[in-house]
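Here's the structure we're looking at; comments come further down.
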Amino acid sequence: MATDGAVPLPGLVEEFVAGQQDGGAAAAAAGVKAGNFTILQLVEALGPTLTSSQSQTRARGIQLLSHVLSECSGRLSEKEVEVLVAFYENRLKDDYVVTPHVLHGIKALTKSPAWPPGLAISVLKSLFQDVHVQSLMLLERSCIYTILINLMELKEEELKGLGADFVFGFVQAMDGERDPRNLLLAFQIARNILHRGYELGSFTEELFEVTSCYFPIDFSPPPNDPHGITQQELILALRAVLTGTVCFAEFLLPLVIEKLDSDIQSAKLDSLQTLAACASMYGYRELKEFLPGLWSSLRREVFQTASEKVESAGLSSLRAITSCLSRSILSSDGDDALRVFLDLIIQDCRHHLCEPDLKLVWPSAKLLQAAASASYRASHIIAGAVIPQLMEQYNNQTQCAQRRTLLDVLQGFVQPAQDGVPAVAEESVLCGFREPLCEVVFSALSETNAGLQVTASRILSSLGQQPGLLSTSHVELAVDHLRRLILEEEDTQVCPAVLECSGSLAPLYPDVFASAMIPQLKAEIFSEPMLRDNGQEAVHTSSQHVVRQRCMTALAAVSCHPTLVQQTAPVLLQVLSSSHTGSGLFSTDDIIAACRSLQQIAEQVQYAEETGCFFHDVIIPHLLGLTVQAGLQCDNQDSIPPQSPLTEEAILLAIVPVLSTACAHLQSELAALTASRVVSLFLDGDTVFLPGNNLPLQPQLFQKASSSCSGSQLVCLLMACVCSMPKSVEIPQVDRLLSELEELSCTSTHPFSFTLAAKCFAGLINKRSAGQALDLVLERTIKRITSELDCMSSSLRTQALTLLLWVAKALLIRYHPLATTLTDKIFSLLMDPELAPLAADGFSLLMSDSVDVLNRACHADFRIMYRQRFFTENSAKLVEGFNSAEKEMKSGYLKALSHIVNNLPRQVQLTELPALLPLLLEALSCPDQAVQLSTLSCLHPVLLDPPASPALAPQLDGLIFRLLGLTTSPAMKVRIATLRCLHALARFPDHMILPFRARVLRALATPLDDHKRLVRREAVAARGEWFLLGSPGR
């Protein structure tokens, strides 16, 4: 066309104007861009059209010109812009059918940077005088607003030169606008006028009226709105206008007070949020006249509302007003605006605090606390008026419920707010009440009521966080109370609160805790059982073990300071040492509790250099020494005692996270040294670094094991240390280490040993850098695994499969190319008569997060999208294998599928649901209860998601049929999961599930009489939802 000279410019014009072919506009724009002709040549060619006596013809010509300008406005010179603007201004007086195209042309011109001085004012005057905006269509009104926005960006100083006339013109243009898209543009213009310093003159009230008429916004977007405009967008845009200047205060504040009387919750919420926004920028002068009315409205909303959102917004508004008044300067006549306002609040709220059994005590407390949190001055005034009264009421009350209420209220005033924190040179507002406050707290801690003890613990923690409130004697008394509660109190609410309080105070007062708590807790941990009347030793009761474990947890809670760690950790180590020597004082649960406490300490101090050195020098060597000695002692059948508790698998698994957490956060030099020591211990039997070394010379820790107690199970310690190291730490003798681990994992008959060896092997492979060394190790290992698995008569196939699964996971999560080879091998084993169930369960291992290895905490090479990638690459193989498998082998594929889908992100599940649903329904029909349970746990969260209903619609009949069949499953867990799925289905749209209502209600009658209470509870909930289907208001 015009770009290659095939159609001349007059032909394009004729085609567009007379031929009514819109394609000519695009061709003309392309011709200008290509340089075949200029804009002015186009105008000349349009001459007869633009001067035609037919308005439709003129409109068509201007439409063509405007379209080309919208594509090519950046090419115009100042002279061309001036000529075109003059032309368009003249056309604004033309027929109404021409006006829309003229506005589009001016809009295109405002995008050009080449505007001569004075032209913007001329355009605005023409628009304001010659265009009646309210009579225009939606798009044309949008053009007007866009023109104003563009000119405000392009020629702001010139527009400001118009003074208040510009504001008046905009007010006239915006008046009556109703479309939300245009309102966003209009609000943007108004916001620019206010924020950029345009002169409002005598039109301040007019600008406020033309925008505030939309307040509060009640717009609800239509369903499937293509423009995506939300109510919140409009609310925020209008709020930015209404709060844009203090000049609006005299109009806005009465409007807010008026709208707060509305019965519509959204209107109240919008009004309160707008009040908070404007109060943050107003001063006392703007608020002074309206303070009584504002306080009256805010008090009413907080006292009477049933909405937490409205209450929260009201409190935020009160906080903003108080903060504003706190910034006011005291007048010469001594008028303190803040004190006057707070006196009003105190007068209306304080007397309700004397009625702790009435419902207004909490709203009153919240109002006072919101005002107090606004500033230091406000908190000082309110604290002085309220706290003495609260303490007096607490001491006068005798009922625990009322005292608990008063104490909870007091906690709100003691808890320091960010804006209420005193400056460096100022003391805490609570300093004047230090003694009576401490008396109240200690009195509550001495009570037997759990609620009082919990609240008192929280207040004590808050007091301790504020400098100068607790003296040394107070801290000592507090520690005595906390210690007593730890030792004596068994309430499930009190214990966590006391431990939390101890943990918050311990780093602030480490010396007191070191002398007054830790020794006593240690004494309790190692206390001997009482003697019976006949002189025989009594057996520890379960309560004694509970107290002992609580003391260990408390030791971990207070270990937030290096000084305390160096006292608490050895106590916990002593527990392990004592149990190893056969004292019989500690149960297995006690030892596991000690390990968990050590792990908690390692997590709390993981970034402290001093405690890192302590763990490296003391904790890690002692743990390794004790467990190695126990493992070797277990191998020696002549030893007395014959078996240490530290060889139990449950205890070894509790020690693993202690070592793993400690090694994961060691400094680089210490980590490298630890790795070298541990590797030498396992490969060469080097025990020099172990404390109290009475081990045999060069013990063999990689020996094969067949018994349940063997030194080979200590490979878990090797895994905990070397697999948690950062990738930057080089593991010495890694090839030899991998060879030993491979041998142990493939030949050991002890399940614990060969599983942990496979994990350790996988952890090292995952972090090893790509290259020839890694390729050689993998080639050797895969060859061995394959040969072992292919030998059907081998007794070590389970070991080979375990190693295969863990190596596959190690490679899969780092996107190694060989991962596909290994996962294909696992897929092939789903047809193996012996290993198919283990292979199917292996997909859960591949897809789920591992606790002790191959996770982020252990610095594994981990890609977050590996599950989605694995599913995308292998779902087709799974479906194909299922379809081709014999009937008795299909359950393995279904179990694998349920494990894979169950671990996918929810959004991926929803996307893939239509394709996978037939297989999942087959899985529900599988007799394997593990497959059923896994599939149900996969379906339940998907059924709860509203977008799932359209995808499930085609298969809904089959799904409900299978679920109803499972309501009488022999397995309780399956019955419960099935009833939960049916409950979730009841939330689907009525038109989808109403046809199944009668059938479902009949089937759910049976589980209502189930012999298990948990099943009956789920049945009642599900049947109730299905019974109400189709009811009005559901």
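The values are calculated or read from the model by the stated rules, or taken from the named source; none is laboratory data. If you're wondering where the values come from, they're calculated on a predicted model, not measured in any experiment. Neighbour counts run over all protein chains shown; Cβ positions are idealised from the backbone, glycine included. Accessible surface areas use protein heavy atoms only, side chains included; no ligands, DNA or RNA. Shrake-Rupley method; radii C 1.70, N 1.55, O 1.52, S 1.80 Å.
Pairs to check: 809/973; 727/809; 268/366. Give those whose C-alpha atoms are more than 23 Å from each other in this structure.
Violating the 23 Å limit, Cα to Cα: 809/973.
Can you give the angle from 0 to 90° between the axis of helix 376-396 and the longest principal axis of the chain, with both taken from C-alpha atoms, to the nearest 10?
The helix 376-396 is inclined about 50 degrees to the chain.
For residue 953 and residue 78 in one chain, what is 0.36 nm times their gap in residues minus the Cα-Cα distance, to one decimal in nm?
That works out to 308.7 nm of additional length.
Loop-only check: which chymotrypsin sites (Phe, Trp or Tyr not before Pro) in the stretch 142-183 are DSSP coil with at most 11 other Cβ within 10 angstrom?
Sparse-neighbourhood loop chymotrypsin sites (Phe, Trp or Tyr not before Pro): none present.
Taking +1 at the Cβ of each Lys and Arg and -1 at the Cβ of each Asp and Glu, which of 337, 497, 929 sits farthest along the dipole of the chain towards its positive end, judged by Cα position relative to the Cα centre?
Selected residue: 929.
Apply the Karplus parameterisation 6.51 cos²θ - 1.76 cosθ + 1.60, with θ equal to phi minus 60°, to every residue of the stretch 319-328 and state each ³J(HN,Hα) to the nearest whole Hz, in sequence, with x for glycine and proline.
Rounded to whole hertz, the list is 4, 5, 5, 5, 5, 4, 5, 5, 7, 6.
Using 7 Å Cα-to-Cβ label points, what is the residue 1017/residue 684 separation (nm, one decimal)?
That separation, rounded to one decimal, is 5.9 nm.
Quickly rank 200-210, 554-564 as a protection proxy: mean count of other C-beta atoms within 10 Å, highest first.
So the order, starting with the most tightly packed, is 554-564, 200-210.
Can you tell me the dipole magnitude for the stretch 733-904 around its Cα centre, using point charges on the Cβ only (Lys, Arg +1; Asp, Glu -1), in Debye to the nearest 20?
Dipole about the Cα centre, nearest 20: 480 debye.
Each residue of the stretch 228-237 in order: what ³J(HN,Hα) in whole Hz does its phi give by Karplus 6.51 cos²θ - 1.76 cosθ + 1.60, θ = phi - 60°, with x for Gly and Pro?
x, 7, 10, 4, 5, 4, 5, 4, 5, 5
Using the Karplus equation 6.51 cos²θ - 1.76 cosθ + 1.60 (θ = phi - 60°), what ³J(HN,Hα) coupling, rounded to whole Hz, does each residue of the stretch 212-220 give in order, writing x for Gly and Pro?
6, 5, 8, 9, x, 5, 10, 6, 10
In nm, give the distance between the simple-model label positions of residue 583 and residue 526, each being 7 Å from the Cα along the Cα-to-Cβ direction.
0.6
What FRET efficiency comes out for the pair residue 196/residue 26, r = Cβ-Cβ distance, R0 = 25 Å, nearest 0.05?
That pair, residue 196 with residue 26, gives E of 0.10.
Round to a whole angstrom and tell me the spacing of the C-alpha centers of the stretch 862-907 and the stretch 288-328.
The stretch 862-907 and the stretch 288-328 have Cα centres spaced 57 Å from each other.
Within the accessible area of the stretch 864-951, what % is carbon and sulfur when the probe is 1.4 Å and the other protein chains stay in place?
With neighbouring chains kept in place, the figure for the stretch 864-951 is 57 percent.
Could you give the angle, 0 to 90 degrees to the nearest 10, between helix 23-34's Cα long axis and the longest principal axis of the Cα atoms of the chain?
Between helix and principal axis, roughly 80 degrees.
Find which of 876, 123, 231 sits farthest along the positive direction of the dipole of the chain, computed with +1 on the beta-carbon of Lys and Arg, -1 on that of Asp and Glu, about the Cα centre.
It is 876.
Which FRET efficiency, nearest 0.05, do residue 566 and residue 700 yield, Cβ-Cβ r, R0 41 Å?
0.75
Cα atoms only: what Rg and Dmax, in Å, come out for the chain?
My reading of the Cα-based Rg and Dmax gives 39.0, 126 Å.
Could you give the length gained by full extension between residue 971 and residue 213, i.e. 0.36 nm per residue of separation minus their alpha carbon distance, to one decimal place?
Gain in length upon complete extension: 266.5 nm.
Compute the accessible area per residue over the chain, keeping the other protein chains in place, probe 1.4 Å, unit Å².
Accessible area per residue, the chain: 43 Å².
Can you pull the one-decimal nm distance between simple spin-label points at residue 508 and residue 357, each 7 Å off the Cα toward Cβ?
Each label point is offset 7 Å from its Cα along the Cβ direction, giving 3.5 nm.
Distance check, please: which entries in 93/125; 767/877; 107/155; 79/160 exceed 18 angstrom between their Cα atoms?
In this structure, 767/877; 79/160 exceed 18 Å between Cα atoms.
When the helix-only estimate is applied to the chain (DSSP H runs of n ≥ 4, each -39,500 (n - 2.57), divided by the residue count), what is the mean residue ellipticity at 222 nm, nearest 500 deg cm²/dmol?
So the calculated ellipticity at 222 nm is -20500 deg cm²/dmol.
Hey, got the dipole for the stretch 765-806? About the Cα centre, +1 on K and R Cβ, -1 on D and E Cβ, debye to the nearest 20?
140
Reachable aspartates and glutamates from residue 895, Cα under 14 Å, same-chain residues fewer than 8 places away excluded?
841, 922, 928
Taking each pair of different alpha-carbon atoms in the stretch 255-388 once, compute 1/r for the pair, average those values, and report the inverse of that mean as the Kirkwood hydrodynamic radius in Å to one decimal.
Averaging 1/r across every pair of different Cα atoms and inverting gives 14.9 Å.
Among 257, 478, 977, whose Cα lies farthest out toward the positive end of the dipole of the chain, if unit charges sit on the beta carbon of Lys, Arg (+1) and Asp, Glu (-1)?
Result: 977.
Given charges of +1 on the Cβ of Lys and Arg and -1 on the Cβ of Asp and Glu, with all other atoms neutral, how large is the dipole of the chain about its Cα centre, in debye to the nearest 20?
With only Lys, Arg, Asp and Glu charged at Cβ, the dipole is about 1880 debye.
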